[in-house]
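Every number here is computed from the coordinates shown, using simple stated rules; none is lab data. Please read all numbers here as calculations on a predicted model, not as lab measurements. We place every Cβ from the backbone using ideal geometry, glycine too, and count neighbours over all the protein chains shown.
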Amino acid sequence: MERKAIVLCNVVGFLGILSAVTGFAAEATRIQASQVKFISPTQCQYPRSPALGLGLTAAVALLIAQIIINSATGCICCKRTRQTWNSNWTKALVFYVVSWFTFVIAFLLLLTGSALNDQHGEESVYFGNYYCYVVKPGVFAGGAVLALASVTLGIFYYLTVNMAKDSTGPWGNAPVPNQGGIAMGQPQFPPQSSQDPVFVHEDTYIRRQFT
């Protein structure tokens, strides 16, 4: 694996872990129904909670990780016409689609949960004739799990694309062998005569030496 790929995977992996950790932390510190106080017939009092900042941090970290992955690899669907249908292409396409699917859901859960944590949400707490809303349990945790899955699939997508490029050349085209430096010329061996060799008797050769 190239150094660039190692650095990118480490950075994206760190952002995915950060998104998941802060998402779970937001789930643990979210405002619960038992913490809401009814101070008037039309007013609810909510305690201070770090879930807003934690949820926003998780959403931003996930967004940055997704941007880095897609900037490094590009849109795989845009390169479809230059590729052949093989196993690497199929895997990369599956990782790409599922990664985007989980990213959208995780980002919406984290962002919406953060925005609605203080005074709005899906679960309602009834006090007399007035409803005080809190975020439903599991929203931040679900976003954290999906964020980690999205980043993991994004890394798999990036590595699969690189494997396809390295193994098949420019996206499915077989690499052309390097022919540089190969000189074409005549053989360096001297041409052999087509005549049959002439044999000289041994006695004749000796007489020529001593005469």
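How high is the FRET efficiency between residue 136 and residue 5 when r is their beta carbon distance and R₀ equals 35 Å, given to the nearest 0.05?
0.35
Residue 90 versus residue 46, label points 7 Å from Cα toward the beta carbon: distance in nm?
Going from the residue 90 label point to the residue 46 one covers 4.8 nm.
Search the structure for amide H atoms under 5 Å from the amide H of residue 136, placed 1.01 Å from N in the peptide plane, and list their residues when 5 or more places away or on another chain.
Placed amide hydrogens put 122, 123 under 5 Å from residue 136.
Round to the nearest 0.05 the FRET efficiency obtained for residue 35 and residue 105 when R0 = 25 Å and r is the Cβ-Cβ distance.
0.40
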